[in-house]
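Structure first, commentary second.
The values are calculated or read from the model by the stated rules, or taken from the named source; none is laboratory data. Here the structure is a predicted model, which means the values were calculated and not measured. Quick reminder, even Gly has a Cβ in these numbers, built from the backbone with ideal geometry, and neighbours come from all protein chains shown.
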Amino acid sequence: MPTTDIHKQSPPGCAAHRQLFEDTVTRLMDRLYGAALRLARDPDDAEDIVAEALGQAWGKLDQLRDPGQLEAWLFRILNNCFIDACRRRRSRQDRETELEEAEFEDEAFSLFEQLHQPFLLWWGTPESEFIGKLLREDIQRALDGLPDAFRVVIVLVEIEGYTYEECARLLDVPLGTVRSRLSRARSLLQKALWQQGREAGLVPAGRHRPVAKHGGAS
Amino acid sequence: MSREHINCEELIEQLFVYLDRELEGGTCTAIDHHLARCRECFSRVEFERQLRDRIGDAGIEKAPERLRMRVKALLDEY
């Protein structure tokens, strides 16, 4: 993508800049706030993170060389604000509460394996029906229930579309750590959704199958 | 890993890396070929895609009016 200096057409702080910035922020506001809320979990903290991020972004808009990157740039600043807030809180509390590697069972959990019934292939797909019955609130609750280290990678990769490498850079952890956290995060998330689904009566209460391998094309 | 053919077990191992678009082209093509003829794996991939879409939706939340006003005030300060 060719680089276009945002300030070549107009000087920093001018009305055109403000218009571009405001239009972009208005368009992205629900996504910025949503991402901040999923990251921080607390509505007040999420508001603070968005306000801080947009204040910082506006203050250093002259550092953005390519207006086409404004959206990605805003999300990057937002994520950094969240990470900084975590680190500040961690140092205040003087204990490892945020973004740490927690101890969890390693057994992988697959929602699909629990729900899928191969013999129903032509008549129904209980796994798709299950997803269709999940409320937005179910998914938010399952996400919010994940430990920080795992929730953050899911939000970055599945909600914000970060690559593993971008994620590793932002969190300052090795690529392998991103991969392992992501894998455990998905397992925990799917297990939480399964448990919530059972509580809500979306699947028969007694149903729980060990993860099985299937035969198919090879 | 780059290869022409991939079996079900290998596909499941690579499933999320595939959905995350982190696989190199050769393996992606092998998975695409496998998915074109294996109904079980196709169902699995579609399920994970649907779930992923729902998770993505959870990242959009109506921002409070108070926050919009706060941001506008921030811009006005400069």
**OP:** List every residue pair whose Cβ atoms lie under 7 Å apart, where the two residues are 6 or more positions apart in sequence or sit on different chains, the first residue falls within region A:120-135 and is under 19 Å from B:R39 (Cα atoms), and the second residue, located anywhere, is at pLDDT below 85 and among the polar types (S, T, N, Q).
**Re:** A:P126/A:Q117
Subject >> Subset of region B:16-43 (residues that are under 12 Å from the mean Cα position of the chain (by Cα) and either part of a loop (DSSP other than H, G, I, E, B) or within 30 Å of A:Q56 (Cα to Cα) (or both)) >> reply: B:D20, B:R21, B:E22
**OP:** Among the numbered conditions (1) modelled with pLDDT under 70; (2) at negative phi, tell me where A:L99 comes up short.
**Re:** (2)
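Being under 27 Å from A:A192 (Cβ atoms) and modelled with pLDDT under 95 narrows it down to one residue among A:L78, A:L61, A:L115, A:L37; which is it? Write out each step before concluding.
Working: A:L78 fails: modelled with pLDDT under 95; A:L61 fails: under 27 Å from A:A192 (Cβ atoms); A:L37 fails: modelled with pLDDT under 95.
So the residue among A:L78, A:L61, A:L115, A:L37 that is under 27 Å from A:A192 (Cβ atoms) and modelled with pLDDT under 95 is A:L115.
Table: residues versus (1) under 19 Å from the mean Cα position of the chain (by Cα); (2) in contact (Cβ under 8 Å) with a residue 24 or more places away in the chain.
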{"residue": "A:D23", "(1), (2)": "no, no"}
{"residue": "A:M29", "(1), (2)": "yes, no"}
{"residue": "A:L32", "(1), (2)": "yes, yes"}
{"residue": "A:L37", "(1), (2)": "yes, no"}
{"residue": "A:D42", "(1), (2)": "yes, no"}
{"residue": "A:A46", "(1), (2)": "yes, no"}
{"residue": "A:A53", "(1), (2)": "yes, yes"}
{"residue": "A:Q56", "(1), (2)": "no, yes"}
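Can you tell me which residue in region B:49-78 is surrounded by the most Cβ atoms within 10 Å (Cβ to Cβ), limited to those that are of a type outside the set (A, V, I, L, M) and not in a helix (DSSP H, G or I)?
Here is the first cut: in region B:49-78, the residues of a type outside the set (A, V, I, L, M) are B:49-50, B:52-54, B:56-57, B:59, B:61-62, B:64-66, B:68, B:70, B:72, B:76-78.
Remaining after also requiring not in a helix (DSSP H, G or I): B:59, B:61-62, B:64, B:78.
Values: B:G59: 25, B:E61: 20, B:K62: 9, B:P64: 16, B:Y78: 11.
If we take residues in region B:49-78 being of a type outside the set (A, V, I, L, M) and not in a helix (DSSP H, G or I), then B:G59 is surrounded by the most Cβ atoms within 10 Å (Cβ to Cβ).
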Original post:
Which of the residues belonging to region A:152-185 are under 18 Å from A:A35 (Cβ atoms) and basic (K, R)?
Top reply: A:R169, A:R181
Original post:
So which of B:E13, B:E46, B:E4 is assigned to a loop (DSSP other than H, G, I, E, B), without any contact (Cβ under 8 Å) to a residue 60 or more places away in the chain and more than 7 Å from chain A (Cβ to nearest Cβ)?
Top reply: B:E4
**OP:** Within region A:136-153, track down each residue that is within 10 Å of another protein chain (Cβ to nearest Cβ) and among the aliphatic types (A, V, I, L, M).
**Re:** A:I139, A:A142, A:L143
